[in-house]
Amino acid sequence: MIYSIEVRDLHFRYLNKEEETLKGINLKVKKGEILAIVGLSGNGKSTLCHCISGILHNSYKGDLRGDILLDGRSLKDLKRVDIIKKIGIVFQDPDTQLFSPTVEDEVAFGPENLCLETDVIIQRIDDALKVVGMENYRLSNPNHLSGGQKQLVALASVLSLEPEIFIFDEAMAQVDKAGRTSIKNKIEALKKQGKTIIMIEHDMTNLDITDRVMVLKNGKLQEFKGSL
Amino acid sequence: MENSKNLKEAYNEVILLGFIKLSNVCFGYKDNQDIIKNISLELFKEDFTAFTGPNGGGKTTLGKLMAGIFKPSRGDILIDGTNSKDLKLGAVGKKIGYLFQNPERQIFAPTVEEDITFSLIFKGVEKQQVTMKAQEMMEIFQLSHLRNQFPFTLSQGEKQRLALAGILINEPSFLILDEPTTGLDIERKGQLSSILKELSKRGVGMAVISHDDEFIQNLSTRIIDIVGGNVIADKRK
Amino acid sequence: MQIRENKIDPRTKLTAVIIISSLAVFIRDITLLLGILLITFTITYALGNNPLMLVKKLKKLIWVFIAIIVIQSVFSSGTPIIRVANVTIFTVEGITKGLQLGLRMCIIVISASIVSTSSPREIVQGLIQWKIPYEIAFMVSIAIRFLPLFIEEIKDTVTAIQLRGIELDRIPIRKRIKIYSYVLMPVVASTLMKSKQLSVAMESKGFGIYPTRASFKKLKMVKADYLIIAVFLLGAFAIIKVYLY
């Protein structure tokens with residue numbers, strides 16, 4: 001069986017650290033599955049995300065061993081463009097992932113980088129904004145939106161790249177209850193479309209939409225049994 | 001609303017002195033609409049008050065008003081009996097400690113120890129006394145092992161404890177914390193809770209702005225709901 | 001809040017600003033400078049900006065101008081106007097130089113505000129279509145975008161340091177410098193951290209994978225734009241002619 005994401009014996013050590021942050025991670029995620037990874041801060045959850053999404057792959061920041069496969073193909077054999085088209089990541093801090101003067105520019109940013117045709121880009125902006133329900137804010141300045149709305153725009157700016165896999169790296173940490181509910185609804189809708197989702201979470205109340213929860217502890221992934 | 005008013009009145013009879021008193025406070029930036037709309041409130045040192053409500057409802061603005069950082073457009077705020085309009089920030093700091101949502105904004109020095117002590121040194125407090133106080137703070141906030149570290153490489157939880165230590169060395173009698181649990185995991189939230197409980201026990205008044213229900217429920221004795229610049233509920237446990 | 005639409009191409013505005021500010025730097029005649037200031041003022045006003053707001057801000061600099069006039073008068077010979085105990089405080093030349101500088105600054109600042117009537121996005125697009133590499137154009141855009149956040153951060157930090165019980169205006173100047181170095185610390189650290197996160201976010205969406213970049217919006221200069229540029233060039237030419245002869 002080909003998994004959407006398969007991680008094989010992944011080790012990662014940051015250049016300025018002696019100890020490995022990830023000590024042999026094995027993980028298989030099926031297409032259309034929502035997996036949550038929980039754990040205390042400093043246990044490497046974000047590092048794992050960054051490895052899977054290719055940000056830390058072959059980078060100068062550390063030493064990576066093991067293999068990561070997306071739909072059966074190793075990250076090592078994929079070009080950056082292919083990785084970007086395959087996997088999208090929503091980060092925690094809305095202020096450092098939104099940088100455009102208007103919402104529509106923000107959503108257009110990825111497709112513009114991929115040098116898509118103008119009408120394709122416009123179509124993608126329309127679609128992505130409709131999915132997150134922010135059509136009416138097209139020309140707004142992201143600075144003037146609420147935290148929840150900002151994260152929805154961040155999600156839309158990933159959606160417009162039309163990836164198969166989504167990573168939410170504590171994406172709801174700075175969002176209020178209403179915002180969380182709305183983002184969770186969008187995540188469930190993505191699952192219905194067959195997208196694969198990994199959520200990194202602090203907040204146990206966000207785990208209700210997940211299919212499976214794992215805990216990252218001391219650099220290893222374990223089954224979650226209710227405590228960190 | 002009616003109910004909460006009665007409650008408040010009942011409490012006013014029991015505890016007479018509010019540490020922070022807002023009467024008919026309005027606040028807005030320049031010509032824009034008011035963010036805070038005619039709020040009257042009294043906060044007591046004996047309480048552990050939580051302010052909750054959705055993003056953009058005016059919680060942070062209200063916090064900054066209560067800390068004297070913003071001055072009301074209309075109405076008055078009395079902090080420990082003095083009108084906030086007559087209080088300079090430097091003087092407020094002796095009465096109220098304010099923890100910003102982002103602790104990085106209030107960490108100033110190249111080492112943990114210096115960050116805790118520099119404000120006292122500036123004020124000319126005797127060196128020996130400063131060292132002693134710093135020692136005590138570092139112990140309370142579990143920072144002793146980090147005293148020579150560069151503060152910006154600390155974890156989120158440690159940064160926050162450091163910011164708190166730097167504030168509390170001035171011995172304010174009231175603390176206002178803006179979203180203190182952001183970026184903290186369960187374990188560190190627990191640590192923060194127990195520190196805040198301890199401070200509250202020692203007589204430091206507490207007001208926490210947060211949308212973290214569990215954290216609020218666990219700590220507070222009074223919960224005030226702020227929506228759209230108004231107080232829509234004010235309940236005591 | 002919506003970003004204002006403005007029909008004039010940002011490149012036209014940029015051209016106008018470049019012409020006006022070069023004139024301001026080149027010309028020394030006070031009457032002409034006054035004339036240019038008046039024109040700039042009118043144009044800014046016509047474009048929907050309120051130059052009076054800027055004048056208010058520039059008012060704070062008035063002491064700097066006076067200082068320049070005095071310094072010019074004291075250290076260069078000229079026709080004295082006011083003398084205090086053998087020292088010339090004001091001379092005709094000093095006042096002229098001070099006025100020149102003041103007028104120039106006013107012209108440059110007010111003319112620069114013409115550009116701000118376009119959205120940052122349009123300005124960036126204009127720069128890109130001027131064949132400026134998109135990485136550089138983006139740097140400009142991000143700087144514009146993050147400036148307000150940056151200012152807020154500095155404000156918060158200054159507030160936070162005062163809340164530690166330090167009353168800034170009561171501290172002697174030498175110690176105050178030390179305080180400002182403390183303020184710099186969190187600002188620099190958080191800027192570095194933010195820019196790192198920002199670049200990760202941008203990279204994860206494919207920024208820089210290709211040497212060129214598509215753009216779903218295209219600017220087009222219309223007749224009016226060419227007309228405006230022509231008027232500016234002619235005007236500048238006329239002013240220089242008057243100035244030189």
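Build a GNM of chain C with springs between Cα atoms under 10 Å apart, and of C:Gly98, C:Gly35, C:Gly206 the one that fluctuates most is C:Gly206. As a check on your grasp of the helix formula, calculate [θ] at 222 nm for chain C: sum -39500 (n - 2.57) over DSSP H runs of n ≥ 4, divide by the residue count, round to the nearest 500. Mean residue ellipticity at 222 nm (helix-derived): -24500 deg cm²/dmol. Taking each of A:Lys184/B:Lys159; B:Lys59/B:Lys237; B:Lys123/C:Lys56; B:Lys45/B:Lys71; C:Lys196/C:Lys218 in turn, the alpha-carbon distance tops 27 angstrom for A:Lys184/B:Lys159; B:Lys123/C:Lys56; C:Lys196/C:Lys218. If one puts a single equal scatterer on every Cα of segment C:137-214 and applies the Debye formula without solvent, what log₁₀ I(q)/I(0) results at q = 0.16, 0.24, 0.26, 0.27 Å⁻¹? Log10 of I(q)/I(0), two decimals: -0.72, -1.15, -1.24, -1.29. Taking only the C-alpha atoms of segment B:93-201, the Rg (one decimal) and the largest Cα-Cα distance, Dmax (whole number), read 13.0, 40 Å. When the listed pairs A:Lys45/B:Lys189; A:Lys192/C:Lys217; A:Lys150/C:Lys220 are checked against a 22 Å cut-off, the alpha-carbon distance exceeds it for A:Lys192/C:Lys217; A:Lys150/C:Lys220. Scattering from segment A:1-41 was approximated by placing one identical point on each alpha carbon and applying the Debye formula without solvent; log10 I(q)/I(0) at 0.16, 0.26 1/Å stands at -0.55, -0.97.
Once you sort the root eigenvalues of the Cα gyration tensor of chain A as a ≥ b ≥ c, which label holds: rounded (a/c under 1.5), prolate (a/b larger than b/c) or oblate (the other case)? Here chain A falls in the prolate category.
Between C:Ala230, C:Ala46, C:Ala189, the residue with the greatest mean-square fluctuation in the GNM of chain C (Cα pairs under 10 Å linked by springs) is C:Ala189. Counting neighbouring Cβ atoms within 10 Å and putting the fewest first, the residues C:Phe26, A:Phe91 line up as C:Phe26, A:Phe91. For the options C:Ile39, C:Ile154, C:Ile95, a Gaussian network treatment of chain C with springs between C-alpha atoms closer than 10 Å singles out C:Ile154 as fluctuating the most.
For the protein assembly as shown, the extents of the C-alpha atoms along the principal axes are 89, 68, 56 Å, listed from largest to smallest.
Segment C:116-148 and segment A:167-185 have their alpha-carbon centroids 31 Å apart.
Of all beta bridges that DSSP places with both ends in chain A, some 55 percent have antiparallel geometry. Per-residue ellipticity at 222 nm from helix content only, as computed over chain A with -39500 (n - 2.57) for each DSSP H run of at least four residues, stands at -9500 deg cm²/dmol.
Here's the picture: charge each Lys and Arg Cβ at +1 and each Asp and Glu Cβ at -1 in the protein assembly as shown, and of C:Pro211, A:Leu221, C:Ser111 the one pushed furthest to the positive end of that dipole is C:Ser111.
Counting every other Cβ atom within 10 Å of each residue's Cβ, C:Met53, C:Met185, B:Met66, C:Met221 order from fewest to most as C:Met53, C:Met221, C:Met185, B:Met66. Report, in degrees rounded to the nearest 10, the 0 to 90 angle that the Cα long axis of helix B:112-122 makes with the longest principal axis of chain B. Helix B:112-122 and the main axis of chain B meet at about 70 degrees.
When the helices of chain B are scored as -39500 (n - 2.57) per DSSP H run of n ≥ 4 and the total is divided over every residue, the value at 222 nm lands at -11000 deg cm²/dmol.
Rounded, prolate or oblate, given the Cα gyration tensor of chain C, with a/c below 1.5 counting as rounded? In terms of gyration-tensor shape, oblate. Seen from A:Glu164, the other residues with C-beta closer than 9 Å to its C-beta sum to a net charge of +2, counting Lys and Arg as +1 and Asp and Glu as -1. Over segment C:15-128, the Kirkwood radius and the radius of gyration, each from Cα atoms, give a ratio Rg/Rh of 1.10.
Kirkwood-type hydrodynamic radius, segment B:2-236: 18.4 Å, calculated from all non-identical alpha-carbon pairs. When both segment C:41-67 and segment A:89-107 are represented by their alpha-carbon centers, they are found 34 Å apart.
Here, each number is a calculation from the coordinates, and none is a lab measurement. For clarity, every value in this text was computed on a predicted model and none was experimentally measured. Backbone-built Cβ (ideal geometry, glycine too); neighbour counts: all protein chains shown.
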